[in-house]
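Read-outs throughout are calculated quantities, based only on the coordinates presented, and are distinct from any laboratory measurement. This one's a predicted model, so the numbers in the text were calculated from it and none came from an experiment. Because the Cβ atoms are built from the backbone with ideal geometry, glycine has one as well, and the counts that use them run over all protein chains shown.
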Amino acid sequence: MGYIHPQALTSAVAALVLSPQENSSVLDMCAAPGGKSSHCADIMNNTGLIISNDLYASRHASLGHTLARMGVLNAVITVYQAQEFPLRNRFDFILADVPCSCEGKFRKTGETASCKAFTGRETLPDLQKKILLRAFDLLKKGGRMLYSTCTYNPSENEAVVDLLLNERNADLFPIDVEFDGEPGLTHWNGETYDKRLERTVRFYPHRIDSVGFFMASIGRRG
Amino acid sequence: MEQRFGIPQTQFADYLLLCKKRSWFLIRDTEFIPSVAPLKAAQAGLRAFQQVGDFIKPTTRVIQSFGRFATRARLQIDLIQLQALLREEKIHVDLTLDNGYVILIIGEDQILGLGLYVNGRISSQLPKKEIRMTMLT
């Protein structure tokens, strides 16, 4: 009936950190299964417009079902590859909750075996970088976006955001939540990242008893 | 919606009604709609009505969203009546209503969805996979 929608604590925090305003425009670049889009709609009191994008038709059923069950009246489901979302529109708020290796879920789901066997993770950072750059290019001046993953791998987190800081006029904003997070890394595996990466947040399951997560709150510099 | 349930048209003033095949979708009307109209979309807004035979039936979702504004064709039921409906039994009620859809409410104004009122008996129109399974297990 839409009165309750279960989410991991860290997943629920994503929309709260983004805090889309009423009557604003929002793009959720990788929206299925729709929990964060629905949460945004709730925060926006069903005003404005949410573009809930997901490429795969197989995910549209779960996305549409979640949006309908939650009574979302301000969303359009689009069908683009996130990294190729058309540039004709700009948005006030963008959520780039990108495909990732999902290491943060292993404690919950006990998927360590599949972690070892998981193929394709080598290509994820490249995809994530393309999505984040496209997301930034779709952001209005004065807009705000959130980059998030449910993984620990710095190659999918800090390195991705570091590339954005190098290639675009982007800045990072502090993330203030009421439970334990740790600042993002500024160096790892012989690489050094922009010092502003300390404004990103890492959440670890053993601290918060939820899914591991990474978040970066991003806007245009100046 | 106004004729059957007494939901004023003004409640829908801020929305657009889009038609696709035999369904109608309700979406918040905003300044952004024209600019996103060229996007490739799988769905826009909430499926609000669908044609069933010669009738246009409101969906459970639109009733759950707007049913609180209804002033008639509302029926408060209790848990025992709900369980009977979920077992696909009909419940007997005494309503001064023409045959047609009624909004089923349980608890403190929690809107479940629709029932179909025909000659003093109501049958369930509630979604099978959700409410029925949840309540019966």
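Descriptive notes on the structure:
- With at most 11 other Cβ atoms within 10 Å, longest stretch of chain B clear of loop GluC sites (Glu not before Pro) (DSSP): B:32-87
- Relative contact order, percent, chain B [alpha-carbon distance under 8 Å, six or more residues apart]: 19
- Relative protection proxy for A:84-94, B:75-85, from highest mean packing down: A:84-94, B:75-85 (other beta-carbon atoms within 10 angstrom).
- Taking the fewest neighbouring Cβ atoms within 10 Å as the starting point, the ordered list for B:Met1, A:Met145, A:Met44 is B:Met1, A:Met44, A:Met145.
- Take each residue of peptide A:47-54, count the partner chain Cβ atoms within 10 Å of its Cβ, and average: the result is 4.
- Share of Cα-Cα pairs in the stretch A:7-106 lying beyond 16 Å, as whole percent: 52
- Rounded D (µm²/s) - the stretch A:68-213, Kirkwood Rh over Cα pairs, Stokes-Einstein at 20 °C, 1.002 mPa s: 129
- Chain B, Rg to Rh (Cα coordinates; Rh as Kirkwood inverse mean 1/r): 1.01
- Residue mean of other protein chain beta carbons inside 10 Å, B:33-42: 6
- Among A:162-175, B:111-124, sorting by the average number of other beta carbon atoms lying within 10 angstrom of each residue, highest first, gives B:111-124, A:162-175.
- Here's the picture: charge each Lys and Arg Cβ at +1 and each Asp and Glu Cβ at -1 in chain B, and of B:Pro38, B:Gly115, B:Pro58 the one pushed furthest to the positive end of that dipole is B:Pro38.
- Site pair A:Lys141 and B:Asp94 shows an inter-label distance of 7.1 nm when each label is modelled 7 Å from Cα along Cα→Cβ.
- Approximate spin-label separation B:Leu79-A:Ala12, in nm, with each point projected 7 Å along Cα-to-Cβ: 2.5
- Placing R0 at 22 angstrom, the Cβ-Cβ distance between A:Tyr56 and B:Ala37 gives a FRET efficiency of 0.45 after rounding to 0.05.
- Rounded to two decimals, the Cα-based Rg/Rh of the protein assembly as shown, with Kirkwood Rh, is 1.04.
- Kirkwood-type hydrodynamic radius, the stretch A:159-222: 12.5 Å, calculated from all non-identical alpha-carbon pairs.
- Note on the stretch B:17-96: the alpha carbon radius of gyration divided by the globular reference 2.2 N^0.38 Å gives 1.48.
- Cα→Cβ-extended label distance, 7 Å offset, between A:Gln21 and A:Trp188, nm: 3.3
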